[in-house]
Amino acid sequence: MPFLTAGDPNIETTQAILKEIGSAGANLCEVGVPYSDPIADGPTIQASYQRALDNGFRLQHVFDMGAKLPADGMPLVTMVSYAIIFRTGLKQYVQQAKAAGYAGAIVPDLLVEEADEFAQVCRDADFSLIQLVTPTTPRERQVQIANSSSGFLYYVSVTGITGERVELPKDLTDNVQWLRSQTDLPICIGFGISGPETAAKLAPVSDGLIVGSAVVRRIAAAKDAAEATENVKSFVGELRQAIDNA
Amino acid sequence: MSSAPLESNASAAVPDERGRFGDFGGRFVPETLTRALDQLAEEYELAKKDKAFQTELRGLLKTFVGRPSPLYLAKRLTDAVGGAQIWLKREDLNHTGAHKINNTLGQALLTLRMGKTRVIAETGAGQHGVASATACAHFGLPCTVYMGSEDIRRQKPNVFSMKLMGADICPVESGSKTLRDAVNEAMRDWMSSVENTHYIIGSVIGPHPFPMMVRDFQAIIGQETREQCRDTLDRLPDCVVACVGGGSNAAGMFYPFVEDDGVRLVGVEAGGRGTDPGDHASPLSFGSPGVLHGSYSYVMQDDDGQTCDVHSMSAGLDYPGVGPEHSYWKDTGRVNYIECGDDAALQAFDQLARTEGIIAALESSHAIAKAMTIAADMPSDQHVVVCLSGRGDKDAMEIARLRGETW
């Protein structure tokens, strides 16, 4: 499950990549909505948000792009700050996202205590609200989060911000397995996954792996949309192979 | 200007257990921080009721900070204005030169209480950075201060002071390179270091319990002012004025007066160089409710919810958001928020220096400017108290630069 920043460096590039990566082996894609003040993101994703905003990114671009992509393609979810959802209006946001073909939203700064109203709006629209569990979340609370989540549960591998890591915590596998015993939702792991080697290690315990910074870095390194698409496609292919062989 | 009772339903019994001041406040942060915020809220509740903690803090405020700070009648300024008596609450005379130390000592004590071994802080004007570095030097805690590179340029003397006291300064190059970006970087550090690190937020902003806790630590400003007015005037003041960036000196000054309907409260935001977006830092005057830095409050944002760039010549007010309790006080009508531009603040800075021999911080000069205007319309038997939140030594170089003078 790759993560792309919408509009980095422009929305045409994002759209071109999204068209291609389903066939390269991605099951779902997270579309990151650039935000001016992201707290959970490391330097790579922060810089991609800044590039997109400097190039005139608007929220409407995410909806326009979604509507142009084939309806039978891989599912798309947005990763979006609550600042943006709130400003747009909770119902309005969900209606527009759903009409544009998005299946759900990951809202990294919406805690379960503050999520009641938005969760209800999502349920009413049959739109997934994917919530996050982290290594600092007490177990009782993990269950509470799982119960209010829909679509899948996002397990954050590290105590920290997004970005590639050489090593992931040793107790990660045990923690995810425990959580699996508490919920029927698929559990996907994200944050810190740098490439095929980490993916192969985590594949057996997860239902999906979210790879963000490593993808965004490959887009930033490309000279044009065609090269960016090629870079991401081959990287997704490598990840797919590693996961399938694990 | 009249001192007729105001119709306001603002309560001092806020926030609720979820950190809501009316609709404002709450917690909008990544899940990773929840446990640390819960722990902080629990420890703070225990500390509030713990006599030993309170005694230690009060003792430090007296012997280390030099409290109580005087309430001073600015006689020549009053005469020059020709209206109500203008009193200055001299937070500029505190150790480190501003109100910020009231909060950092409290939070540093809490850091020790929680068994955490490292402190991080953000700073704009550098006053909170200096106050954090000071508290950490006092307790022997390592301290890292995030500061925008534009603010490092504007506030060099404070940067040097922080280094002298052993703090590490991390220049922030992202975004507008000011206070807002420094908060983002400090939050990101905290995301990774939360197990052993406490983040001393410097204003009444951020996720619950910070807005409440910082207000409480700063409330000593208003509590002393009440007592001093009772002792000197035998009554409460008619009007209290304070500048508002994130809003900590104003929150600390206003809070003890919130339920005194006869006391008019005025918050002064940075009007910058004009009323167009990007030219000022006045979210209460020109912004709209939204989410920034972990709480729901007024913010300068565009139609998509992206935070706008703001401007103020004073680094401490150059912030697109504001503490949620101020949003609550605005919407309940309890506090009147107005804005004061760069030029008017500079004039007030000059006038105070020449008539009273007091060099005020540029931030506080915004409050002085509006207090003069307000006092001019009031009779001479009434009293206006201004929170002189900090001293202006740190601004001397920047003022010389603005005026094209060589230092």
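The values are calculated or read from the model by the stated rules, or taken from the named source; none is laboratory data. Being a predicted model, the structure only gives us computed values, none of them experimental. Reconstructed Cβ throughout: ideal geometry from the backbone, glycine too, with neighbour counts over all protein chains shown. Note: areas computed on protein heavy atoms with side chains; ligands, DNA, RNA excluded. Shrake-Rupley method; radii C 1.70, N 1.55, O 1.52, S 1.80 Å.
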Roughly what percent of Cα-Cα pairs across the range B:68-135 reach past 17 Å?
55
Using the Karplus curve 6.51 cos²θ - 1.76 cosθ + 1.60 with θ = phi - 60°, work out ³J(HN,Hα) for each residue of the range A:115-123 in order, rounded to whole Hz, and write x for Gly and Pro.
8, 3, 5, 5, 4, 5, 4, 5, 4
Within a 10 angstrom radius of each residue's Cβ in B:32-42, how many Cβ atoms of other chains show up on average? Whole number is fine.
4
Do the sum for chain B: with -39,500 (n - 2.57) for every DSSP H run of n ≥ 4, divided by all residues, what is the mean residue ellipticity at 222 nm, to the nearest 500 deg cm²/dmol?
-12500 deg cm²/dmol
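Please give the charge dipole size of the range A:11-245, origin at the Cα centre, charges +1 on K and R Cβ atoms and -1 on D and E Cβ atoms. Round to the nearest 20 debye.
On the way: 19 positive and 28 negative charges, 41 e Å.
Result for the range A:11-245 is approximately 200 debye, rounded to the nearest 20.
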Tally up the carbon and sulfur contribution to the accessible surface of the range A:11-245 as a whole percent, 1.4 Å probe, everything protein left in place.
48
Cα-centre dipole for the protein assembly as shown with unit charges at Cβ (Lys and Arg positive, Asp and Glu negative), debye to 20
1220
Could you work out the relative contact order of chain B, using alpha carbon pairs under 8 angstrom and six or more residues apart, expressed as a whole percent?
22
Assign one of three labels to chain B, namely rounded, prolate or oblate, based on the Cα gyration tensor with a ≥ b ≥ c the square roots of its eigenvalues; rounded applies when a/c is under 1.5, prolate when it is not and a/b is larger than b/c, and oblate otherwise.
rounded
Suppose we flag trypsin sites (Lys or Arg not before Pro) only when DSSP calls them loop and at most 16 other Cβ atoms lie within 10 Å. Which is the longest uninterrupted stretch of chain B?
B:19-234
If the cut-off is a Cα-Cα distance under 20 Å, which lysines reach residue A:19, setting aside same-chain residues fewer than 8 apart in sequence?
A:68, A:98, A:223, A:233
Let me spell out the model: positive unit charges on the Cβ of Lys and Arg, negative unit charges on the Cβ of Asp and Glu, origin at the Cα centre of the range B:62-203. What dipole size does that give, in debye rounded to 20?
500
When only Cα pairs under 8 Å and 6 or more residues apart are kept, what is the percent relative contact order across the range A:11-245?
21
Pull out a ≥ b ≥ c, the square roots of the eigenvalues of the alpha-carbon gyration tensor of the protein assembly as shown, then state rounded if a/c is under 1.5, prolate if not and a/b is larger than b/c, and oblate in the remaining case.
prolate
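Within a 10 angstrom radius of each residue's Cβ in A:26-37, how many Cβ atoms of other chains show up on average? Whole number is fine. Show your work: numbers first, answer last.
Numbers: counts 0, 0, 0, 0, 0, 0, 0, 2, 2, 4, 15, 15.
Mean partner-chain Cβ count within 10 Å for A:26-37: 3.
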Suppose all protein chains stay in the model; what accessible area per residue would a 1.4 Å probe give for the range A:70-198, in Å²?
41
Each label point is 7 Å from the Cα along the Cα-to-Cβ direction; what then is the distance between the points at residue B:54 and residue B:113, in nm?
1.2
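In terms of the Cα gyration tensor, with a ≥ b ≥ c the square roots of its eigenvalues, is the range A:98-246 rounded because a/c is under 1.5, prolate because a/b exceeds b/c, or oblate? Before the final figure, lay out the partial values.
Working: a/c = 1.99, a/b = 1.31, b/c = 1.51.
In terms of gyration-tensor shape, oblate.
When the helix-only estimate is applied to chain A (DSSP H runs of n ≥ 4, each -39,500 (n - 2.57), divided by the residue count), what is the mean residue ellipticity at 222 nm, nearest 500 deg cm²/dmol? Mind showing how you got there, number by number?
Numbers: 11 runs with 117 residues, N = 246.
When only DSSP H runs of four or more count, the value is -14000 deg cm²/dmol.
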Between residue A:167 and residue A:126, what is the label-to-label distance in nm when each label sits 7 Å out along the Cα-to-Cβ direction?
4.8
Please list the non-local residues whose amide H lies under 5 Å from the amide H of residue B:269, H modeled 1.01 Å from N, same-chain partners needing a gap of 5 or more.
B:244, B:338, B:339, B:340
Whole-percent carbon and sulfur share, accessible surface of chain B, 1.4 Å
49
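Looking at chain B, which longest stretch skips every one of the GluC sites (Glu not before Pro) that is in a DSSP loop with at most 14 other Cβ atoms within 10 Å, leaving the sites themselves out?
It works out to B:18-172.
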